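One structure is given here, and the rest of the page talks about it.
The values are calculated or read from the model by the stated rules, or taken from the named source; none is laboratory data. Here the structure is a predicted model, which is why all the values come from computation and not from measurement. Counting neighbours? That spans all protein chains shown, and the Cβs are built from the backbone with ideal geometry, glycine included. Heavy atoms of the whole protein, side chains included, go into the accessibility calculation; ligands, DNA and RNA do not. Shrake-Rupley method; radii C 1.70, N 1.55, O 1.52, S 1.80 Å.
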Amino acid sequence: MSQDLIVAHIPALRRYARALTDNTWAADDLVQDTLERACNKWRLWLVGSNLRAWLFSVMHNLFINQLRQAPQHAGLTQTEFDEVAGQLQAPASGSDQLLDLQRCLLQLPPEQREVLLLVSLEDMSYAEAAKVTGVAVGTVMSRLSRARTRLQDLLDAPVRSVPDGAAKCTTTPRVATLHRLK
Amino acid sequence: MTPQAHTPLTDDELHALVDTQGTADALAGLQLRLTQDPDAQQRLAQWQWQREQLRQLYRDVLQEPVPQALQGAARQAASARQTSAHWRHLGGMAASVVLAFGVGWLSHSSWQNAPASFTPSSVMVRAQLEHNFVRQASVAHRVYTPELKHPVEVAAQDQTHLVQWLSKRLSKPLKVPDLNAQGFELVGGRLLPGDSGARAQFMFQNAAALRVTLYLGALNQGAAPGLSGQETSFRFETQNGTPSFYWVDQGFGYALTGQLPKEELLKLAEAVYRQL
């Protein structure tokens, strides 16, 4: 398979990994692991079939495996880091909103987060998202419903009495630190 | 208004509107029902906002240059190809990944199943064989496609004879793919010399008189024993500005060449592959 065709997908893979993990380095590790696995499992890609869906499904499997194996995180996620940094400066206007969204997104269970991202970021069809995540289309739709409904609930949650610049999402994000499989 | 117009929209229907999935007619029908469903209108607005904000959130990553670790290894891989010593000592896993893709990861099955009989040098030989094959396909394409009077030796109206003749010379029952669905009709075909035997070239053209050629024939298996019969997936190569997709199937090489954008050429190559 031509190197060019694979390399063309790397930016989108990086974006998806970043959105899943909210950690630049863990994200790039995930992409690297994905490319390695794709290389080793090359025979499993059916010639002429959807290369993008296959690459994303490899990443999906790795992500789920890593979640199962990783302990709860000890270090700061990018969001927490930004939050601390944000409290040290005057709050900006637009970026607060995005920070909120990021925080709320991370509170979604991984399977809901994945489906929401694949459909919203990658413009995947529901059938394609089903292939990537290895479930039925009906499951994709129900996860999508739960994701969007829950995300809206999180975004709408009333602000507790906290210092300026703090988020509306009040619980700590349940994000596991990903470790490289080696 | 029909009774259906008052049915509240289901979640699935809302998703379809947010993500623009489904036929234009179906979506138009949903829009119509939406006008009667203020709850759905509110949820749709919320979900559309979510979607736009999510895209905004990670837009930058898409535009970031791919980091060294993931892509710079391609340079190492290109130079590493020259020495077999580098095969196992590549700087970082990314390099081995890109190397694998760069070489085309030819005999991955023999790599995993029979490491004892596998040597990097035989893979190099194989890579060279395939590279030669594509080069020959590409040259044949450039030589014959500009021809007005004699683009082919046997024309499409003698297709049965053409196929019988070339099958006999290539010692393999051949099938000419039908590319009419893609807008290409058969012009005809010809016999050509290959490294050590006969090759065939079929020429197709579309309504804009753009021509593509399908070049096929046995790869010289004598030079790379033990690797014959291996299959590869599609690879892409451009020679002198002429792009080709090529693959190997049961010891036969196939190359589809044409001045088309990569995605369109790939679609044609897939159509050919499915039929052969």
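Are there any pairs with C-beta distances below 8 angstrom linking a residue in the range B:260-276 that is at the interface with chain A (Cβ under 8 Å from one of its Cβ atoms) to a residue that is β-branched (V, I, T) and surrounded by 13 or more Cβ atoms within 10 Å (Cβ to Cβ), with the two at least 6 apart or on different chains, and if so which?
Going by the 8 Å Cβ cut-off, the qualifying pairs are B:E270/A:V47; B:Y273/A:V47.
Given A:R43, A:R52, A:R37, which one is assigned to a helix (DSSP H, G or I), within 13 Å of chain B (Cβ to nearest Cβ) and at pLDDT below 60? Let's see the steps before the verdict.
Details: A:R52 fails: at pLDDT below 60; A:R37 fails: at pLDDT below 60.
Every option except A:R43 fails the conditions.
Could you list, in sequence order, all residues of the range B:33-61 that are exposed (fewer than 14 other Cβ atoms within 10 Å of the Cβ) and of a type in the set (A, V, I, L, M, F, W, C)?
B:A45
Within the set of pairs 6 or more residues apart or between chains, which connect a residue that is closer than 16 Å to A:Q107 by Cα inside the range A:5-26 to a residue that is surrounded by fewer than 22 Cβ atoms within 10 Å (Cβ to Cβ) and basic (K, R) with Cβ atoms less than 9 Å apart?
A:A19/A:R113; A:L20/A:R113
Could you please let me know if B:K168 is loosely packed, with under 15 Cβ neighbours inside 10 Å and more than 22 Å from B:F245 (Cβ to Cβ)? Walk me through how you get there before you give the answer.
Numbers: loosely packed, with under 15 Cβ neighbours inside 10 Å: yes; more than 22 Å from B:F245 (Cβ to Cβ): yes.
So B:K168 fits the description; yes.
Consider B:A140 carefully, then state whether it is buried (at least 19 other Cβ atoms within 10 Å of the Cβ) and not charged (D, E, K, R). Can you show your working first?
On the way: buried (at least 19 other Cβ atoms within 10 Å of the Cβ): yes; not charged (D, E, K, R): yes.
Considered against the rule, which asks whether it is buried (at least 19 other Cβ atoms within 10 Å of the Cβ) and not charged (D, E, K, R), B:A140 comes out as yes.
Among A:L178, A:L98, A:L155, which is the only one that is crowded, with 17+ Cβ neighbours inside 10 Å and either within 12 Å of chain B (Cβ to nearest Cβ) or at pLDDT 85 or above (or both)?
Numbers: A:L178 fails: either within 12 Å of chain B (Cβ to nearest Cβ) or at pLDDT 85 or above (or both); A:L98 fails: crowded, with 17+ Cβ neighbours inside 10 Å.
Checking each option against the conditions leaves just A:L155.
Working only within the range B:5-32, note down all residues that are open to solvent by 50 Å² or more (accessible area, probe 1.4 Å), within 13 Å of chain A (Cβ to nearest Cβ) and either within 19 Å of B:Q50 (Cβ to Cβ) or not in a loop (DSSP other than H, G, I, E, B) (or both).
Within the range B:5-32, B:T10, B:D12, B:T20 meet the criteria.
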